[in-house]
Amino acid sequence: MLSALFSAGVMMTMGFEFGFRKPLHVVHTTPADGETTGIDLCSYIAGVNVIKKRFPVFQEESPIIIFPCSNPNILLMAKASVKHKDEALLILNKDTWSHQDFYTDHFRHFVQAGAPLQDVSPEYPLDYIHKPFHYALGPARASS
């Protein structure tokens, strides 16, 4: 999610969506080289692509601000459009093993737009964003 929403373009190697471990060769790899991993990220990746397509701020190279966070396992990143008034705030749990808490008394510390905030996370989006805001992000999860 981070790489897809961070920049205008995104590229994914064949097999990433299925967790392939064997290195691929640009010339010699064939469909027969596919692996059975039990991993299928296709629906998650499709959800991230819908977010990217729906919100223009994720379709351009634009200013990024990394904010300090009281929890060092949380990456807090804002992206602002240079073409529109759109802004986005990404909250990412860098810990791949444990839930991590994020708290803020108000999101206006991070975004300037006056429009109501909307959670567009591909998994478990919130219907309403409370003030103050407290959320336990699952391992390696992101919210935007």
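The values are calculated or read from the model by the stated rules, or taken from the named source; none is laboratory data. This one's a predicted model, so the numbers in the text were calculated from it and none came from an experiment. As a convention, Cβ positions derive from the backbone with ideal geometry for all residues, glycine included, and neighbour counts pool all protein chains shown.
Based on what the data block shows, is PRO122 of a type outside the set (Gly, Ala, Ser), under 23 Å from ASN49 (Cβ atoms) and exposed (fewer than 15 other Cβ atoms within 10 Å of the Cβ)? It is false that PRO122 is of a type outside the set (Gly, Ala, Ser), under 23 Å from ASN49 (Cβ atoms) and exposed (fewer than 15 other Cβ atoms within 10 Å of the Cβ). The set of residues in the range 23-56 being among the hydroxyl-bearing types (Ser, Thr, Tyr), surrounded by 10 or more Cβ atoms within 10 Å (Cβ to Cβ), at pLDDT 90 or above and part of a loop (DSSP other than H, G, I, E, B) consists of THR37 alone. Checked against the criterion of being of a type in the set (Phe, Trp, Tyr) and more than 14 Å from the chain's Cα centre (by Cα), the range 41-59 contains not a single residue that satisfies it. Among the residues of the range 32-56, just one is touching a Leu at 6+ places or on another chain (Cβ under 9 Å) and more than 15 Å from SER121 (Cβ to Cβ), namely ASP33.
The residues listed here are ILE66, ILE129; of these, the one that is within 17 Å of LEU2 (Cβ to Cβ) and either β-branched (Val, Ile, Thr) or touching a helix residue (DSSP H, G or I) at 6+ places or on another chain (Cβ under 6 Å) (or both) is ILE66.
Residues that are farther than 27 Å from ALA46 by Cα, in contact with a Phe, Trp or Tyr (Cβ under 6 Å, 6 or more places away or on another chain) and not aliphatic (A, V, I, L, M) number at least 1 in the following strands (runs of 3 or more DSSP E) confined to the range 68-144: 100-104, 133-137.
Of all residues in the range 108-140, those that are aromatic (Phe, Trp, Tyr), under 17 Å from the mean Cα position of the chain (by Cα) and within 20 Å of ASN71 (Cα to Cα) total 2.
Taking residues in the range 57-83 that are in contact (Cβ under 8 Å) with a residue 40 or more places away in the chain and surrounded by 14 or more Cβ atoms within 10 Å (Cβ to Cβ), and partners anywhere that are in a helix (DSSP H, G or I) and of a type in the set (Phe, Trp, Tyr), the pairs with Cβ atoms closer than 8 Å and at least 6 places apart or on different chains are MET77/PHE6; LYS79/PHE6; LYS79/PHE58.
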